[in-house]
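Where a number appears in this text, it was derived from the coordinates with a stated rule and is not lab data. Keep in mind that this is a model prediction, so the values were computed, not measured. Reconstructed Cβ throughout: ideal geometry from the backbone, glycine too, with neighbour counts over all protein chains shown.
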Amino acid sequence: MPKTPDELFAALDALGIAHKTITHPPVFTVEQAAALRGEMPGAHTKNLFLRDKKNALYIVVALEDAVINLKSLHRVLGATGRFSFASADLLLEVWGVTPGSVTPFGAINDTEGRVTVVLAADMMAYSTLNYHPLINTMTTSIAREDLVKFLESTGHTPRIERISGLPTDPG
């Protein structure tokens, strides 16, 4: 069974990671989240759960307004063939969340280490980062260093990469 937000918060507390969470109506898009968050400080993000041609799984976490070229991203990340979005069933099975709730916190559910976590370098310039805590009716703020600490505690050492503004793939 996937972890609950309360189990995630307990894991963060056990690691000594400070976090603050607000509750809001469900949001499914960046636009909906922007309309509801008010003046919540820090970087706001989008999360893409992807698979390559050999079914290797990636979560790409970037600033909400980042332009990500999926046609060339596989080259930057060393994936096999172009990326496509993983199915909702695979997202739930491996990452323990549903569409609209994709978050790096899903690493807590990937006990087999099947997913490569990629964090956008420009996002990591912010001291505070905001993500759904496994469901899309809350947003949790966490320090960037603590996000890395959390991910490493789950066995997911993140890759920090420049992933937005890449050239368009001509082929």
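Fully extending the segment from ARG75 to ALA143 would add 21.5 nm, taking 0.36 nm per residue of separation and subtracting the current Cα-Cα distance. Which residues in the range 58-86 place their backbone N less than 20 Å from a point set 7 Å from the Cα of ALA121 along the Cα-to-Cβ direction? Once the point is set 7 Å along Cα→Cβ of ALA121, 59-79 turn out to lie under 20 Å by backbone N, inside the range 58-86.
Quick one: helix 5-14 against the long Cα principal axis of the chain, what's the angle to the nearest 10°, folded into 0 to 90? Once rounded, one gets 80 degrees.
Sites count as exposed loop sites when they are chymotrypsin sites (Phe, Trp or Tyr not before Pro), lie in a DSSP loop, and have at most 16 other Cβ atoms within 10 angstrom; the longest stretch of the chain without one is 29-125.
The angle between the Cα long axis of helix 144-153 and the longest principal axis of the Cα atoms of the chain comes to about 80 degrees, rounded to the nearest 10. A simple spin-label model places pseudo-atoms 7 Å from Cα toward Cβ; at GLU161 and LEU90 they are separated by 1.6 nm.
Put simply, the convex hull of the Cα atoms in the chain casts, on average, a shadow of 9.3 nm². Length available on full extension from THR21 to MET1: 0.36 nm per residue minus the Cα-Cα distance, which gives 4.9 nm.
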